[in-house]
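No value in this document is a laboratory result; all are computed from the given coordinates. Because the structure is predicted, anything quoted here is derived from the model rather than measured. A quick note on method: Cβ atoms are made from the backbone with ideal geometry, for glycine too, and the neighbour counts reach across all protein chains shown.
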């Protein structure tokens with residue numbers, strides 16, 4: 001799936017819309033009030049995603065004709081799970097427990113304990129692989 005890349009002129013046009021908080025070459029950030037209002041229009045009034053985005057002043061030729069449906073689908077799912085508060089919190093880049101372990105602010109004892117655990121894990125992994133290789137040779 002190709003990502004839409006916006007030109008500088010398109011970015012400037014999108015930023016003029018009051019429902020856009022930020023815009024880059026790759027992404028549009030919509031205002032929190034727009035997200036909540038869009039979900040309410042979709043659920044209560046039965047408007048289609050395209051109608052909602054057109055009413056909000058978006059040019060579907062710029063953002064893409066499938067963008068409204070994708071956005072409303074995500075927002076509606078989040079709205080059903082967390083309510084309107086879920087739409088008002090920015091969650092991009094805030095994954096649960098993913099990524100590299102945090103080592104800043106650890107005491108020396110904690111760093112040593114973490115490294116000892118890592119060494120023990122790697123030794124166990126090496127032992128396992130050695131046994132696996134031995135079995136294959138048999």
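As a calculated quantity, the FRET efficiency between residue 24 and residue 124 at R0 = 30 Å, using C-beta atoms, amounts to about 0.10. With only the Cα atoms considered, the chain has a convex hull volume of 223 Å³ per residue. Helical content of the chain, expressed as a calculated mean residue ellipticity at 222 nm, amounts to -17500 deg cm²/dmol (DSSP H runs of 4 or more residues, -39,500 (n - 2.57) each, divided by residue number, nearest 500).
In terms of other Cβ atoms within 10 Å, 119, 36 run from fewest to most in the order 119, 36.
Assuming R0 = 41 Å, can you tell me the calculated FRET efficiency for the pair residue 65 and residue 104, based on Cβ-Cβ distance, to the nearest 0.05? It comes to 0.35. Using a simple spin-label model with pseudo-atoms 7 Å out from Cα toward Cβ, residue 48 and residue 115 lie 6.2 nm apart.
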